[in-house]
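Below: the structure, in structure tokens.
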Amino acid sequence: MVVNFKVFKKSSPNGKITLYLGKRDFVDHLSAVEPIDGVVVLDDEYVREQRRIFGQIVCSFRYGREEDEVMGLNFQKELYLASELLFPREKSNPSLTKLQERLLKKLGPNAYPFTFTLQPNAPASITLQQGANEEGDPCGVQYFVKIFSGDSESDRTHRRSTVTLGIRKVQYAPTKQGAQPCTVVRKDFVLSPGELELEVTLDKQLYHHGERIGVNICIRNNSNKVVKKIKAMVQQGVDVVLFQNGQYRNTVATMETSEGCPIQPGSSLQKVMYLMPVISSNKFRRGIALEGQFKRVDGSLASTTLLANPEQRDAFGIIVSYAVKVKLFLGALGGEVSAELPFVLMNPKPNTRGKLIQADSQAEVETFRQDTIDPESADAY
């Protein structure tokens with residue numbers, strides 16, 4: 001049977017080094033991260049001259065605006081999470097993936113495989129949305145596969161003999177739901193008898209991006225106050241771990257209503273409010289956390305960051321969380337009553353068979369034809 005398989009391809013400016021990757025999203029399973037496997041093809045001249053070719057995984061963390069970099073300040077850190085001499089190599093890679101086997105067969109003797117492994121606690125690919133007038137690279141965490149010719153791993157690379165291709169470290173939603181979120185807040189008032197009770201329940205704990213969130217609200221007013229308005233919102237929490245005070249919140253979906261109000265003393269109200277946090281409603285809000293982006297690809301809201309151990313947080317990471325907050329407004333003298341429920345917002349694990357992740361403007365997608373006896377092993381990209 002003849003099967004087509006597609007890979008991402010990018011060459012250095014001088015055309016001497018070409019990088020092939022089967023995919024650009026690598027999944028963090030908390031216990032381990034999918035290995036980054038690919039093939040590099042060298043020009044005959046580089047092979048004859050025995051040029052030293054190195055491969056690295058670079059994590060770029062920008063924590064300040066590029067336009068503010070004056071007088072030698074630099075708000076970007078580059079971490080080299082993996083590094084290896086790819087050519088010349090004393091011995092070949094002992095274990096090859098099926099993709100690498102097919103590429104080596106197709107690309108000839110100047111093709112050399114590589115495999116890199118990331119640590120599970122490496123930060124997720126997240127960028128912070130820029131303001132309307134901001135230029136340059138956005139703040140956040142980005143990953144690159146870097147292949148270059150040099151004398152050593154720390155050699156200053158030359159642009160003409162270097163190829164870099166952006167990749168992402170991503171997490172997908174668990175397959176099982178957690179406990180249904182529910183909270184009850186009771187507030188009493190000075191010099192007033194009774195209390196106001198607010199109960200908030202979500203229909204589930206785990207939501208997928210683009211899914212409507214049902215917020216079940218039950219108000220029991222046993223006080224002498226009057227509830228005049230109800231407001232429900234989804235808040236995105238962003239924690240830039242590098243900074244001690246780097247935590248802030250953005251409201252990414254909101255709904256306000258006076259339906260059923262005022263709720264007089266001795267009355268009660270039960271209603272459902274629906275919220276949907278999506279990027280289309282937040283395109284021009286600075287500081288919103290987005291999924292790591294490739295060039296010319298529209299972003300989406302960042303997913304909840306799952307941590308195997310909340311105490312082991314990478315200092316160069318950005319941690320994202322979500323919560324529903326409900327407020328009751330009691331007028332100028334009565335103040336407010338609020339309740340908050342955290343939930344998980346993530347993408348489901350995709351069914352990638354027959355689908356292709358869009359490349360950026362610098363990466364080509366190349367299709368190969370391969371005879372295979374196992375169609376199930378064909379790459380989905």
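The values are calculated or read from the model by the stated rules, or taken from the named source; none is laboratory data. Since we're looking at a predicted model, the values are computed, not measured. Positions of Cβ are backbone-derived with ideal geometry, glycine not excepted, and every protein chain shown enters the neighbour counts. Heavy atoms of the whole protein, side chains included, go into the accessibility calculation; ligands, DNA and RNA do not. Shrake-Rupley method; radii C 1.70, N 1.55, O 1.52, S 1.80 Å.
When the chain is treated as a GNM with alpha-carbon contacts under 10 Å, the residue of 70, 215, 145 showing the greatest mean-square fluctuation is 70. Taking each DSSP H run with n ≥ 4 as -39500 (n - 2.57) and averaging over every residue of the chain yields -1000 deg cm²/dmol at 222 nm. Solvent-accessible area of the range 283-334 (1.4 angstrom probe, protein heavy atoms only): carbon and sulfur portion equals 50 percent. Annotation: residue 170 carries an accessible surface of approximately 20 Å², with a 1.4 Å probe and no ligand, DNA or RNA atoms counted. When the solvent-accessible area of the range 21-96 is split by element, carbon and sulfur atoms take up 49 percent of it, the probe being 1.4 Å. Here, the range 296-340 is characterised by an Rg to Rh ratio of 1.22, where Rg is the alpha-carbon radius of gyration and Rh the Kirkwood radius. Rolling a 1.4 Å probe over the heavy atoms of the protein chains gives the range 152-261 an accessible area of 54 Å² per residue. Taking a point 7 Å from the Cα of residue 286 along the Cα-to-Cβ direction, none of the residues of the range 40-62 has its backbone N closer than 13 Å to it. Count Lys and Arg as plus one, Asp and Glu as minus one, and take only other residues whose Cβ is under 10 Å from that of residue 67; the net charge is then -4.
List the lysines whose alpha-carbon lies under 16 Å from that of residue 229, not counting same-chain residues fewer than 8 positions away? Once the sequence-local lysines are set aside, what remains near residue 229 is 271, 325, 327. From the alpha carbon centroid of the range 162-222 to that of the range 96-161 is 37 Å. Applying both filters, DSSP loop and at most 16 other Cβ atoms within 10 Å, to the chymotrypsin sites (Phe, Trp or Tyr not before Pro) of the range 1-84 gives 75. Among residues other than residue 235 with Cβ under 11 Å from its Cβ, the summed charge is +1 (Lys and Arg +1, Asp and Glu -1). When a/c is below 1.5 the answer is rounded, else prolate if a/b is larger than b/c, else oblate, so apply that to the range 121-225 with a ≥ b ≥ c taken from the square roots of the Cα gyration tensor eigenvalues. Prolate.
Inter-label distance, residue 73 to residue 189: 4.8 nm, where each label sits 7 Å from its Cα along the C-beta direction. For a straight C-alpha distance cut-off of 12 angstrom, the aspartates and glutamates reachable from residue 187 (same-chain residues fewer than eight places away being disregarded) are 195, 197, 199, 336. Roughly to the nearest percent, how much of the accessible area of the range 174-264 is carbon and sulfur, given a 1.4 Å probe? Carbon and sulfur together cover 47 percent of it.
Annotation: per residue accessible area for the range 75-125 equals 57 Å², rounded to a whole number [probe 1.4 Å, protein chains only]. Charged neighbours of residue 38, selected by a Cβ distance under 11 Å, balance to +3 (K, R count +1; D, E count -1). What residue among 331, 150, 22 has the largest mean-square fluctuation in a Gaussian network model of the chain, using Cα springs under 10 Å? Residue with maximal mean-square fluctuation among 331, 150, 22: 331. Rg then Dmax, both in Å and based on the Cα atoms of the chain: 26.0, 90. For the chain, the longest principal axis of the Cα atoms and the long axis of helix 98-107 meet at an angle of about 40 degrees.
In plain terms, the chain from residue 204 to residue 30 could stretch by 60.4 nm, reckoned as 0.36 nm per residue minus the Cα-Cα distance. Loop-resident trypsin sites (Lys or Arg not before Pro) (DSSP state other than H, G, I, E or B) in the range 25-127 with no more than 15 further Cβ atoms inside 10 Å of their Cβ: 89, 91.
Taking a straight line from the alpha carbon of residue 98, these lysines sit under 17 Å away, with near neighbours fewer than eight places off in the same chain left out: 6, 23, 106.
Each residue of the range 25-40 was assigned a 3J(HN,Hα) from its phi angle through the Karplus curve 6.51 cos²θ - 1.76 cosθ + 1.60 (θ = phi - 60°); the sequence is 10, 10, 8, 8, 9, 6, 7, 6, 10, 3, x, 9, 10, x, 9, 10 Hz, with glycine and proline shown as x.
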